[in-house]
Structure formats: structure tokens, C-alpha cells
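Please treat every number below as a calculation from the coordinates, not as lab data. Just so you know, these numbers come straight off a predicted model, no measurement behind them. Every residue, glycine among them, receives a Cβ derived from its backbone with ideal geometry; neighbour counts consider all protein chains shown.
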Amino acid sequence: MKRKWILILGMLVVLVGLFSLDLAKSRPRPVTTAIRSSQPVVSRATRTSDQASSSKKAANSQPTHNSERVLIIYYSRSGTNYPDVTLKHGHTWQIAQEIAQVTGGTRYQIQTAQAYPKNYQATVDQAEQEQQDNARPRLKGKLPDVTQYETIFLGYPIWWSDLPMPVRTLMDQIDLNDKVVIPFSTNAGSGWGDSLTTLKRQYPQAKFRKGFEIEGADVDHAHKQIRRWLRDLGY
Ligand SMILES: Cc1cc2nc3c(=O)[nH]c(=O)nc-3n(C[C@H](O)[C@H](O)[C@H](O)COP(=O)(O)O)c2cc1C
């Protein structure tokens, strides 16, 4: 009798064991196990999205223009400036920097043989006289060789509603007629003034693309605007 009960108990233990094994098989695995056991899937997914994002990045940063073919010529004056600021580097200089960063182009800063006065008003007076005289102030250093470049960014501040005369000196000596010319400029409220007309008159065969002008006082906060303009140009 005792042995019979032991047998029944034994069978019960085996049945319970089998039953619980079956339950375990059909029960959904906890999420943590699923994540752990599908590690390769997760990492593949991660890699895929990494690859996707890096190829997306690559596509975005894919230069549509060859940086070696981009030259950034600009004039910018440091010292006291409008509105009552002293600049280590001028406003236009800042934009040239940003263009160089984005395009990878080469910069060339126009410099006069004789520096303009540090004093703002003295410079304004001198520049007025130069404009009335249609002067061509002498430049310092070698002019850029533009033959290897396809696109020229040309930057300048507005002086007396037009291009500063040192820029005209350079323009008389380098031919940009077969180039893509992209002007950029800073001012104190005149916008482009007459500068675009002057540029187009000098280089009637050049292909002008959308330029960028801004008040000098706003340049510090123009990072996004500048980037957007360059992006629209395909950089
Ligand atoms: C000689 C001189 C003439 C200027 N004439 C004008 C002008 O006619 N219209 C204007 O809006 N700003 C004028 N400005 C202000 C400059 O265009 C402005 O401050 C510009 O941002 C300076 O750029 P930079 O720092 O790169 O030299 C003049 C500035 C100077 C020094």
C-alpha cells in the first residue's frame, strides 16, 4: 500500500515536471532575454542605421564643387568701424572665413600698400576722395593667379555706396570673365549699393550667382544665414 502511494507521488512529480517544461516553452521570453539573445540583430540594426546615416552624411557633405577650384577674394578693414566698434578682423573677413570653412576654398585678402587710417572717419574721408578721383590705390603683395579656379567668391564692404577702390585696383588686373562669380558684402544699411552694377560692368561675361549681403553689425549672428546661402548654392 505504502509503495503504491510512493509510485503515485513519483508519477505526479514527473507529470508536474513535464507540464512546467511545456509551459516554459510556450511562455513568451522576457524582453531583456530577447534583446540579449538578439544582440547581433541589434548591432546589425545599429550598424545599418549608422551606415545609413553616414552614407546620408557622405551624400550631404559630398562636395558638388571641387574645393581646389574655389577662390575667395576679399577686402576687409580692421580697426575702428561703424557703429563705434574696434575690430581685429573686419566684418567681411568673418564671412570669408565661413565660406572657406564650408567650401574648402582658398582665401586671398586684398591689402593696400598703404594701410587706411585706423580711425573710421579719417578712412571715410580718404575713401570719398578716392572715389571722386576714380583712384586705384596700390596693392601689397602678389595678385592671385585665377587661372586654376572656376568659382570666385568676391567679398567687400560697401564704401560710399559702391566697391572700395582697392577692390577696383584688383579688378582691373584680374580677368574674371570666364568665371563663376559669387559676390558677398557687408554694409551699414546701403545693401549692395551700386556694387553689383559695377561688378557686372567690369565682367560682362562672368556667370554671376546669388550673392550674400548683410549689415556688418549682424555678422556675428549670421552663421546660419551664411550656411543656408552656401547650401542653396550647392556647398
Ligand atoms: C570708407 C567707408 C565708407 C563706407 N560707406 C558706407 C556706405 O556708403 N554705406 C553703408 O551702408 N556702409 C558704409 N560703410 C560701412 C561699412 O560698409 C561697414 O561697416 C562694413 O561692414 C565694413 O566691413 P569690413 O569690416 O569688412 O571692412 C562705410 C565704411 C567705410 C570705412
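For the stretch 67-232, the antiparallel share of DSSP beta bridges with both residues in that region comes to about 20%. Per-residue packing, averaged as other Cβ atoms within 10 Å, sorts the ranges 149-159, 166-176 into the order 149-159, 166-176, beginning with the highest.
Quote to one decimal, in nm, the extra length available between Leu143 and Ala122 on full extension: 0.36 nm per residue of separation minus the C-alpha distance between them.
4.9 nm
Using only side-chain charges placed at the Cβ, +1 for Lys and Arg and -1 for Asp and Glu, the dipole size of the stretch 61-155 relative to its Cα centre rounds to 300 debye.
Sorting the segments 66-79, 118-131 by their mean number of nearby beta carbons within 10 angstrom, highest to lowest, gives 66-79, 118-131. Each label point was placed 7 Å from the Cα along the Cα-to-Cβ direction; for Asp84 and Gln132 their separation is 2.8 nm.
Considering only Pro166, Gln126, Leu143, and ranking their Cα positions along the charge dipole of the stretch 78-235 that arises from unit charges at the beta-carbon of Lys, Arg, Asp and Glu, the one farthest toward the positive end is Leu143. Between Val181 and Ile152, Lys207, Phe208, Arg209, the built amide H atoms are under 5 Å apart, and every one of these is 5 or more places off in sequence or on another chain. Computed from phi, the 3J(HN,Hα) profile of the stretch 140-150 under the Karplus parametrisation 6.51, -1.76, 1.60 (θ = phi - 60°) reads 9, x, 6, 6, x, 8, 8, 4, 7, 9, 9 Hz, with x in place of Gly and Pro. Cross-link pairs exceeding 30 Å in C-alpha to C-alpha distance, out of Lys118/Lys179; Lys142/Lys179; Lys88/Lys224; Lys142/Lys207; Lys140/Lys200; Lys140/Lys179, comprise Lys118/Lys179.
When the chain is fully extended, how far beyond the present Cα-Cα distance does Arg227 get from Ile174, taking 0.36 nm per residue of separation?
16.3 nm
The stretch 166-235 and the stretch 101-161 have Cα centres spaced 13 Å apart. Couplings 3J(HN,Hα) for the stretch 218-235, derived from phi with the Karplus relation 6.51 cos²θ - 1.76 cosθ + 1.60 (θ = phi - 60°), are 9, 4, 4, 10, 9, 3, 5, 4, 5, 4, 5, 4, 5, 5, 4, 7, x, 9 Hz, where x marks Gly and Pro. Residues whose amide H lies under 5 Å from that of Arg107, counting only those 5 or more places away or on a different chain, are Ile72; hydrogens are built 1.01 Å from N in the peptide plane.
Taking amide H positions as placed 1.01 Å from N in the peptide plane, with prolines and chain starts having none, which residues 5 or more places from Glu213, or on another chain, fall under 5 Å of its amide H? Excluding prolines and chain starts, which carry no amide H, the hits are Ser185. When a/c is below 1.5 the answer is rounded, else prolate if a/b is larger than b/c, else oblate, so apply that to the stretch 111-235 with a ≥ b ≥ c taken from the square roots of the Cα gyration tensor eigenvalues. Since a/c reaches 1.5 but b/c is at least a/b, the shape of the stretch 111-235 is classed as oblate.
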